[in-house]
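S.K.: Handing you a structure now.
What follows draws every value from the coordinates through simple rules; no lab data is involved. These numbers come from a predicted model, not from an experiment. Here Cβ is always computed from backbone atoms with ideal geometry, including for glycine, and neighbour counts include all displayed protein chains.
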Amino acid sequence: MNSWGFVRRPWRLAAEASALVIAVVVAFPLYWMVLSAFKPAGEIESTEPRPWTLAPTLDSFRRVFGQQEFGRYFLNSLVVACTVVVVSALIAFLAATAVTRFRFRFRTTLLIMFLVAQMVPVEALTIPLFFQMRDFGQLNTLGALILPHIAFSLPFAIWMLRGFVKAVPEALEEAAYLDGASRSRFLWQILFPLVFPGLVATSVFSFISAWNDFLFAKSFIISDTSQSTLPMALLVFYKPEDPDWGGVMAASTVMTVPVLVFFVLVQRRLVSGLGGAVKD
């Protein structure tokens, strides 16, 4: 036993070292973003950048929060992201239940279409979506951001939740019906809590996608800046002739905070959701 442990130890140390290196590589851009947000302008523009600062300042954050429309941009992003999360989760739950529990024509074809939809680049659909939003009268409104994000979130969410719904034994459903439960009661009081970890996992994907969106916000919000979201606020600080990198980094840091808060709130459910934790 000891010799086997001795043989395994170098491999374990190598794996842990590799994980540490990967973690540092992933975390370093975030560290540099936060560091630059607190650096004075002279250090940011220095030709000899240093991975620390001896004179931290809040000037960049003051410029960010001093922007007249920044609070509105933040609220717009929050409305878009939360609406996408709630609506896509409910639709995906009902759709996943339908394609798993019921037998109907073209069910397999529908599931394949969900996968195909994931393969289409978002950029390829931006122009068709622009004309569609124009025909619907949704340009320069938050609806032009909410509807496409719901549509793009659903295929992944439905396909993922399908596994959670399928893992719930049909015997449990039959027992609920024998005890007098209606279909709606079984759906919301029994099935919904069991697949909730999966809903959390898909909600994280939907929230991050909607919160960080720049392409749709830039394409569909043309003239009414009151409907812009936080990613568009970065353009206020980025000017080709004189970019305010401190403002860009400070605004990016502020944008990251809600994502971290959302992740912390759902992390326990997220771990079980990604692991497919639905037990008989």
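S.K.: Return a whole-number percent for the relative contact order of region 69-184, with Cα pairs under 8 Å and 6 or more residues apart as the contact set.
M.R.: RCO, region 69-184: 45 percent.
S.K.: Can you give me the span-like helices of the chain, meaning DSSP H runs with 30 Å or more of Cα extent along the axis and Kyte-Doolittle mean at or above -1.0?
M.R.: Those that clear 30 Å and a mean of -1.0 are 2-38, 70-101, 143-167, 245-274.
S.K.: On average, how much area does the Cα convex hull of the chain cover when viewed from any direction, in nm²?
M.R.: Projected over every direction and averaged, the Cα hull of the chain covers 22.7 nm².
S.K.: Show me the ranking of peptides 69-75, 143-149, 126-132 by mean Cβ neighbours inside 10 Å, starting with the highest.
M.R.: For the peptides 69-75, 143-149, 126-132, the packing ranking is 143-149, 69-75, 126-132.
S.K.: Could you state the orientation-averaged shadow area of the convex hull built on the Cα atoms of region 10-56, in nm² to one decimal?
M.R.: Dividing the Cα hull surface by four gives the mean projection, 4.1 nm².
S.K.: Which of the aspartates and glutamates could a cross-linker bridge to residue 166, judged by Cα under 20 Å and excluding same-chain residues fewer than eight apart?
M.R.: Here the aspartates and glutamates satisfying the reach criterion relative to residue 166 are 174, 280.
S.K.: Dipole of region 68-275 (Lys/Arg Cβ +1, Asp/Glu Cβ -1, origin at the Cα centre): which of 137, 267, 190 lies farthest to the positive side?
M.R.: Farthest along the dipole direction, towards plus: 190.
S.K.: Highest mean first, what order results for 44-52, 229-237, 161-169, 113-121 on Cβ atoms within 10 Å?
M.R.: So the order, starting with the most tightly packed, is 229-237, 161-169, 113-121, 44-52.
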